[in-house]
Structures are given as C-alpha cells and as structure tokens.
C-alpha cells in the first residue's frame with residue numbers, strides 16, 4: 001500500500017501505522033482474518049474417513065467456495081506465493097499455504113490403507129491437486145466460466 005492508495009481510500013498513513021505498525025502488519029492482519037477461514041474450511045474438508053473421492057471433492061469445494069466468496073484475497077495469496085522467497089510477504093503467504101498443503105498431503109498418506117497403489121508419491125499428489133485447483137479457480141474467475149464439480 002503506497003501513499004497514493006492511502007489518499008485514494010482516505011486513510012491517513014499514520015492511521016495505518018497506528019493500527020498495524022507497518023505494511024507487513026497490515027498484510028499479517030489480512031492473512032489472519034482471511035487465510036485462517038480457508039485453513040479452517042480445508043481442515044474440515046480433509047477429515048478422511050475411507051472415502052477418497054468424497055474427501056477430495058470436499059477439499060476442492062472448500063477452495064472453490066472460498067475463492068468465489070473472497071476472490072481478491074485468494075488472488076493476493078496466490079500472487080504472494082510467487083513473490084521472491086526472501087520477502088516478508090512470501091513468508092506470510094507460504095505459512096498458510098504450507099499448512100494447507102500438509103493437510104492435503106496427509107489425506108493421501110491416510111488413503112494408502114485403502115489404495116495401496118498410492119504409496120510413495122503422496123507429496124506429488126498434494127502438489128498436483130493444489131495446482132489444479134488454483135488453475136481452475138483462476139480460469140473460472142478470469143473467464144467468468146464455471147468449472148463443474150463432479151456429482152458425488
């Protein structure tokens with residue numbers, strides 16, 4: 001947020017620093033408010049009880065529903081994931097991304113009991129799923145098209 005943004009939105013820069021301490025403080029507050037909502041939705045979705053397709057469908061729904069409700073924040077988080085790795089903004093975004101990624105990877109780890117052929121590449125499965133969800137979300141938001149979920 002630059003001085004132009006503060007002027008446009010009629011926020012005095014001292015007010016920003018009073019409440020958030022810094023631009024990074026503002027970013028941390030945004031992530032605390034918005035990313036934690038997605039974290040909680042994913043936590044509920046990944047409750048694996050032996051039905052992998054259902055769990056994956058709930059996970060996809062958690063992401064797509066959140067992105068539809070909070071598109072600006074979702075795109076901000078996605079953009080910051082590609083920020084320079086040594087930046088404070090990247091470190092803020094990657095904490096939540098890593099937490100959700102771990103939850104999704106653990107679904108694939110647990111599913112090995114029912115799907116033995118999945119043993120080993122759980123990390124790749126999690127990366128691929130998150131990558132596909134992000135791609136579909138961006139396509140959906142940019143092109144105003146809808147990607148249909150499977151009917152479970």
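Could you state, as a whole-number percent, how many of the C-alpha pairs of region 34-86 are farther apart than 11 Å? Let's see the in-between values first.
Values: 963 of 1378 pairs.
Tail fraction, whole percent: 70.
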Footprinting proxy, 20, 31: sorted fewest to most Cβ within 10 Å, the residues are 20, 31
Could you give the C-alpha radius of gyration of region 20-143 expressed as a fraction of 2.2 N^0.38 Å, taking N as the number of residues it contains?
1.10
Counting other beta carbons within 10 Å of each Cβ, put 59, 102, 64 in order, fewest first.
102, 64, 59
Scoring region 63-152 by relative contact order with C-alpha pairs under 8 Å, at least six apart, yields a percentage of 23
Distance (nanometres) between label positions extended 7 Å along Cα→Cβ at residue 29 and residue 113:
4.4
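Any read-out appearing in this document is the output of simple, stated calculations on the displayed coordinates, not a laboratory observation. None of these values were measured; they are calculated from a predicted model. So basically every Cβ, Gly included, is an ideal-geometry build from the backbone, and we count neighbours across all protein chains shown.
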